[in-house]
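Asks: Supplied in structure tokens, the structure appears directly below.
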Amino acid sequence: MERFLDQQKAHLVKQSYRLQLHSPAKKLEQQKATFLQLEQKLLDAMDKKLLNQKHKLALAAEKLDTVSPLATLKRGYSITQDDTGKVITQASQTKTGDVIVTRLSDGTVRSTVN
């Protein structure tokens, strides 16, 4: 009877140990830790992606600014148009008495062709 009780006790200890290994609370704790690690990885990846996209946007804005007509005007160039708004690229496109508008970096100048 004592041997039987010892066997049952040993069996109970073994089953108790196995139950602890597969405990829902323990599994939940492990999954929570895994979730927190994955959450941190996701946040880090999002920060990295956002920083990369900001850098790309800054580069694109810089490129856009270099080809901007306004940047060209700031370097001393101008755009001259007739009274209908058509850009004048050659003197032969005008005649005496025409009103032309020249756009500069800080405004416009209206002129009459002599």
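Asks: Being modelled with pLDDT under 95, surrounded by 10 or more Cβ atoms within 10 Å (Cβ to Cβ) and not hydroxyl-bearing (Ser, Thr, Tyr): is that true of residue 18 here?
Replies: On the way: modelled with pLDDT under 95: yes; surrounded by 10 or more Cβ atoms within 10 Å (Cβ to Cβ): yes; not hydroxyl-bearing (Ser, Thr, Tyr): yes.
Judged against the criteria, residue 18 is a match.
Asks: Among the residues in the stretch 10-28, are any of a type in the set (Val, Ile, Thr) and more than 30 Å from residue 109 (Cα to Cα)?
Replies: yes
Asks: Same structure again: Just name the residue that is least open to solvent (accessible area, probe 1.4 Å) out of those in the stretch 99-114 that are of a type outside the set (D, E, K, R) and over 18 Å from residue 89 (Cβ atoms).
Replies: Of the residues in the stretch 99-114, the ones of a type outside the set (D, E, K, R) are 99-102, 104-105, 107-109, 111-114.
In the following step, the residues that additionally are over 18 Å from residue 89 (Cβ atoms) were identified as 105, 107, 112, 114.
Numbers: 105: 72, 107: 31, 112: 82, 114: 163 Å².
Filtering first and then ranking leaves 107.
Asks: All but one of (1) at pLDDT 95 or above; (2) open to solvent by 80 Å² or more (accessible area, probe 1.4 Å); (3) more than 37 Å from the chain's Cα centre (by Cα) hold for residue 95; which doesn't?
Replies: Result: residue 95 fails condition (1) only.
The values are calculated or read from the model by the stated rules, or taken from the named source; none is laboratory data. On a predicted model such as this, the values are computed, not experimentally measured, just so you know. Positions of Cβ are backbone-derived with ideal geometry, glycine not excepted, and every protein chain shown enters the neighbour counts. The protein model used for the area step is the full one, side chains on, heavy atoms only, and it has no ligands, DNA or RNA in it. Shrake-Rupley method; radii C 1.70, N 1.55, O 1.52, S 1.80 Å.
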